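Every number here is computed from the coordinates shown, using simple stated rules; none is lab data. Quantities reported herein were computed from a predicted structural model and do not represent experimental measurements. All Cβ positions, even for glycine, are placed from backbone atoms using ideal geometry, and neighbour counts span all protein chains on display.
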Amino acid sequence: MKSLVSPETLKRFGLQPGRIVEAIVSSYTVEGKPHAAPMGILLENQDTITIKPYSETQTYRNLKSQRQCTINLTGEPELFFITAFKGEPEVGELPKDFFLPALKVKPPRLRDADGWLEVEVFSSETFKDRGVFKGRILKVKALNKPPKAYCRAEFAAIESIIHTTRILEFSKAGKRAQAERLAGLVASYRGLISRVAPGSGAEKVMEKLASILSRYSFNLEAYESLF
């Protein structure tokens, strides 16, 4: 089957075979409610994307039943934070205007994403606690946004969001040592962001992460004294 997307187009999106990138996957529940969650995705070849959500997640259930998704590309920490911790007191529920219609698939795209890929699942398997979904890229779209200067704060905030999701999972599983190690990394990133981007959206995200972690008995101030 002929590919619908050229390698050059995917490369402009930062997608290359064998390279895992962090994105936000939006999907629909069986009831038709939009859902979004951050996730690592892998481009296997020119038009095949692999997604491996944990089997207890809503994304897994949605992909299993609906067989479509939209992969949203962004470098904004706020979008990763909101979709990772929706339902927490620091975030609340996702607003209705958070989503906009996609072009070729039913699951919506994120209103504030820089671009997106529309994917149709053609293969799914489950191994232990994770699903493996392979999908064909039907459409890619980029919005015409101005270039943005690189700041270390965005990278540090997104890494901290990913680490925090794992800290909570390790904590629930009784793996305190692994959780403590990641909490130390989050604390170091918090210090970095306060130096390079005080008052920024990234710093606000870090304060909300600190609030979430404190409810699980991880006090970032205690770890910051180590750096």
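Applying the criterion of being of a type in the set (D, E, K, R) and surrounded by fewer than 13 Cβ atoms within 10 Å (Cβ to Cβ) to the residues of the stretch 81-121, the residue that is nearest to residue 57 (Cα to Cα) is 93. I'd like the full set of residues that are out of contact with any Phe, Trp or Tyr (no Cβ under 6 Å at 6 or more places or on another chain) and surrounded by fewer than 22 Cβ atoms within 10 Å (Cβ to Cβ), limited to the stretch 61-72. If the condition is that a residue be out of contact with any Phe, Trp or Tyr (no Cβ under 6 Å at 6 or more places or on another chain) and surrounded by fewer than 22 Cβ atoms within 10 Å (Cβ to Cβ), then 61, 64, 65, 67, 68 are the ones that fit. Apart from one condition, residue 178 fits all of (1) closer than 27 Å to residue 74 by Cα; (2) free of Cβ contacts under 8 Å to residues at least 40 places away in the same chain; (3) not in a loop (DSSP other than H, G, I, E, B); the exception is (1).
Residue 170: more than 28 Å from residue 90 (Cα to Cα) and either under 18 Å from the mean Cα position of the chain (by Cα) or among the hydrophobic types (A, V, I, L, M, F, W, C) (or both), yes or no? Spell out how you get there, then give the answer.
Details: more than 28 Å from residue 90 (Cα to Cα): no; either under 18 Å from the mean Cα position of the chain (by Cα) or among the hydrophobic types (A, V, I, L, M, F, W, C) (or both): yes.
Against the criterion (more than 28 Å from residue 90 (Cα to Cα) and either under 18 Å from the mean Cα position of the chain (by Cα) or among the hydrophobic types (A, V, I, L, M, F, W, C) (or both)), residue 170 does not qualify.
Answer with yes or no whether residue 22 is surrounded by fewer than 21 Cβ atoms within 10 Å (Cβ to Cβ) and assigned to a loop (DSSP other than H, G, I, E, B). When the stated conditions are applied, residue 22 does not pass them.
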